[in-house]
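Okay, structure first, notes after.
The values are calculated or read from the model by the stated rules, or taken from the named source; none is laboratory data. Everything quoted here is computed from the prediction, not taken from an experiment. FYI the Cβ positions are ideal-geometry reconstructions off the backbone, even for glycines, and counts take in every protein chain you see. For accessibility, only protein heavy atoms count, side chains too; no ligands or nucleic acids. Shrake-Rupley method; radii C 1.70, N 1.55, O 1.52, S 1.80 Å.
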Amino acid sequence: MQLSGNTVANEQYARVPRTLAELRRGESGTLDRLDLPEDVARRLMELGFLPGHTIIPAHSAPGGEPRVYRVDGSEIALRRETAARLILRPPSKASCNTPEL
């Protein structure tokens, strides 16, 4: 027997990106933390990748890597392995339940 609540809500939570590399083009995410060596994290923070800032994926190279991200008015290209170590904040319940107008 399978018990499930709202399958639409379950599907939405299953697709929530947890890292920068998981964001699709046009989606946005709020950076929570950088899981990188201190020198690399410091350099990315100098470029605008600060916790609390919104990041939007833009275009990518023909092979899919590197990918350009828009943050704090700049466009910066990152490799997938680096983007996968930038952790996003989970969406708040208020933003999940807000009806679209």
Subset of the stretch 49-69 that is over 11 Å from the mean Cα position of the chain (by Cα) and part of a strand (DSSP E or B) - its residue that is nearest to GLU81 (Cα to Cα): ARG67
Residue match in the stretch 21-37 (condition: in a helix (DSSP H, G or I), modelled with pLDDT under 95 and not charged (D, E, K, R)): yes
Number of positions in the stretch 24-48 that are more than 15 Å from GLU81 (Cβ to Cβ) and open to solvent by less than 40 Å² (accessible area, probe 1.4 Å): 3
